[in-house]
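Notes follow once the structure below has been shown.
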Amino acid sequence: MAPAIRETSSVGWNVVSNIIGWTYFLSWSVSFYPQAILNWQRKSVQGLSIDFLYYNVLGFLCYSIFNVAFFFSETIQEQCKNHSSGNLVRANDVMFAVHAFLISSFTLGQTFIYKAKAQKLSTTATVLISIPIVGAGIGLLAVEFNGILWIDLMYYLSYVKLAISFIKYLPQVWLNYKRKSTVGWSIYNILLDFAGGALSIGQLLLDASISGDWSGVSGDPVKFGLGFVAIAFDLVFIVQHYILYRDRTDFYLNSVEEERRRLIAEGRVPHHEPDQENYNSTGWTQ
């Protein structure tokens, strides 16, 4: 193939890559909103795992730092040149990660307004969240004393994000199973997440093919791993929602609203929100 033709073909595929990148960015970014809207509409987070929300915030904080550092830091970029892996972090990766952290933090903030008394972070989640935070602190000290490079610390944060992605959905899967219901967990979040995961993997593989350097795939293991993990868990949630637990009755809200109407009709007002038999919505035994 003539050089001019190859160059034109490369430009065309780069355009396709950019379109895929921004499409997955929009799909994954929009996927956070249905859950926040559902919480607001129900004025409740019953049915939503508190553990999942905390994992999400920590994971996207790590992912934001990783992407921002690789995209903006000249130090990281220089160290990356001497590293065995390439740098395929793009602008849409940075925007997605930062936006995801912000909206995840907002959704977590809703739990302080809407959650029932029995809903709290489990001991298991507290331990699992504390470990990587301590590890990051040790990593900062190691960088300060020239024990490791900044790029090593960034990769540590990326692996924290990947590890969190493997476990963060488990409390929600268990909660849905335990309740035999997906009420309170937005399926639109899952459908958009599924599309974003597939497009994310597609862009990464296309970029590696265009550049002829497949080390870029290993250089961004989080993006590659996130896509596969997201797709796997999304399929589990889709099966739960559309096949296993198709009853959409919101028993908790119905009982609360009916009780409130009865008490209001009698001239009384409830003094506290019922705990739904002290049911722990995190889905994990304390």
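At a glance:
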{"quantity": "Residue within the stretch 171-187 that is in a helix (DSSP H, G or I), within 14 Å of Y54 (Cα to Cα), modelled with pLDDT of 90 or more and not small (G, A, S) present", "calculated": "yes"}
{"quantity": "Test: residue in the stretch 115-122 that is outside any loop (DSSP other than H, G, I, E, B), surrounded by fewer than 21 Cβ atoms within 10 Å (Cβ to Cβ) and not charged (D, E, K, R)", "calculated": "no"}
{"quantity": "Test: residue in the stretch 138-146 that is out of contact with any Leu (no Cβ under 9 Å at 6 or more places or on another chain) and touching a residue at least 12 places away in the same chain (Cβ under 8 Å)", "calculated": "no"}
{"quantity": "Scan of the stretch 23-60 for residues that are hydroxyl-bearing (S, T, Y) and out of contact with any Ser or Thr (no Cβ under 6 Å at 6 or more places or on another chain), ordered by number", "calculated": "T23, S27, S29, S31, Y33, S44, Y54, Y55"}
{"quantity": "Selection from the stretch 147-169 of residues that are free of Cβ contacts under 8 Å to residues at least 60 places away in the same chain and either in contact with a Cys (Cβ under 9 Å, 6 or more places away or on another chain) or farther than 12 Å from I76 by Cβ (or both)", "calculated": "G147, I148, Y156, A163"}
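The values are calculated or read from the model by the stated rules, or taken from the named source; none is laboratory data. Here the structure is a predicted model, which is why all the values come from computation and not from measurement. When we count neighbours, we look across all protein chains shown, and the Cβ atoms used for this are built from the backbone with ideal geometry, even at glycine.
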